[in-house]
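Take a look at the structure below.
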Amino acid sequence: MFIAAAAAILVAMALAMIRVLLGPTVYDRILAVNVLGTKTVLIISVFGFLTERPDFLDIALVYALINFIGTIAILKFFEYGEAGFSNPEVTRDEERP
Amino acid sequence: MIELIWNALSWTLLLTGGFCLLVGGIGLLRLPDFFTRVHAAGVTDTMGAGAILVGLMLQAGLTQASIKLVLIILFMLFTSPTASHALAQAALHGGLKPRLGEQREDSRSNT
């Protein structure tokens, strides 16, 4: 049964990868990469149970966090053109007493 | 007997999760607009991931692995709606407009 779930995850990952390659806008690509990361977490956990090594769950846990932070960071970069630290509005707010 | 019932339950959950993942992947490919594709990603993140992780929890039983799976489910439930919201907001801020009913006829007549 683990093998069936792993096969389904792999096929869905291939579909998401096609969307990453096709995606008309950059947001489509970011969305598909986010979904791809979620499925990576799933396949790491399923693979850990498939080979009876539950230690893989630690890697899956770390990967879930990294996936979220990476998505938010890339989004912020594409929304503001930079990571937001040298934004003129922000510096103006900080200079204000 | 009880073990058989638990196994069947976890297999059912694993297969349901795999089915939802496939539906989400097909939706990600076939849906026409970015804002509709966010919906397909939501199906993948909530139902697919949740069902597969709960199915793995039933296989693990009351062990340390089960606690880690609960943590993964919690992180996913917190982070995936946040990421979807940030994505939709960034797309709107970046000038992407959702396709509405009236606009679809216009774009058809234009193209």
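The figures follow:
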{"item": "Estimated buried accessible area (total), pair A and B, 1.4 Å, Å² to nearest 100", "result": "3600"}
{"item": "Kyte-Doolittle at least -0.5, axis length at least 15 Å by Cα - qualifying DSSP helices, chain B", "result": "B:2-30, B:49-60, B:64-93"}
{"item": "Taking N as its residue count, the alpha carbon Rg of chain B over 2.2 N^0.38 Å", "result": "1.42"}
{"item": "Per residue solvent-accessible surface (Å²) - the protein assembly as shown, probe of 1.4 Å", "result": "58"}
{"item": "Using a Förster distance of 30 Å, the FRET efficiency for B:T12-B:Q64 (Cβ separation, nearest 0.05)", "result": "0.75"}
{"item": "Portion, in percent, of the accessible area of the protein assembly as shown that falls on carbon or sulfur, probe 1.4 Å", "result": "68"}
{"item": "For A:7-16, mean number of other protein chain Cβ atoms within 10 Å", "result": "6"}
{"item": "Cross-link partners of B:K97 among lysines (Cα-Cα below 30 Å; sequence separation of 8 or more within a chain)", "result": "A:K39, A:K76"}
{"item": "Under the Debye formula (equal points on every Cα, no solvent term), log10 I(q)/I(0) of the protein assembly as shown at q = 0.12, 0.15, 0.18 Å⁻¹", "result": "-0.66, -0.92, -1.18"}
{"item": "Average beta-carbon neighbours from other chains, 10 Å sphere, peptide A:47-59", "result": "3"}
{"item": "Student exercise, the protein assembly as shown dipole from Lys, Arg, Asp, Glu Cβ charges, in Debye to nearest 20", "result": "440"}
{"item": "Most to least packed among B:11-20, B:59-68, B:85-94 [average Cβ atoms within 10 Å]", "result": "B:11-20, B:85-94, B:59-68"}
{"item": "Peptide B:84-90, shielding by other chains (average Cβ, 10 Å cutoff)", "result": "5"}
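The values are calculated or read from the model by the stated rules, or taken from the named source; none is laboratory data. What you are looking at is a predicted structure, and each value in this text was computed from that prediction instead of being measured. Note that each Cβ is placed from the backbone with ideal geometry, even for glycine, and that neighbours are counted across all protein chains shown. Please note that ligands, DNA and RNA were not included when accessible areas were found on the heavy atoms of the full protein model with its side chains. Shrake-Rupley method; radii C 1.70, N 1.55, O 1.52, S 1.80 Å.
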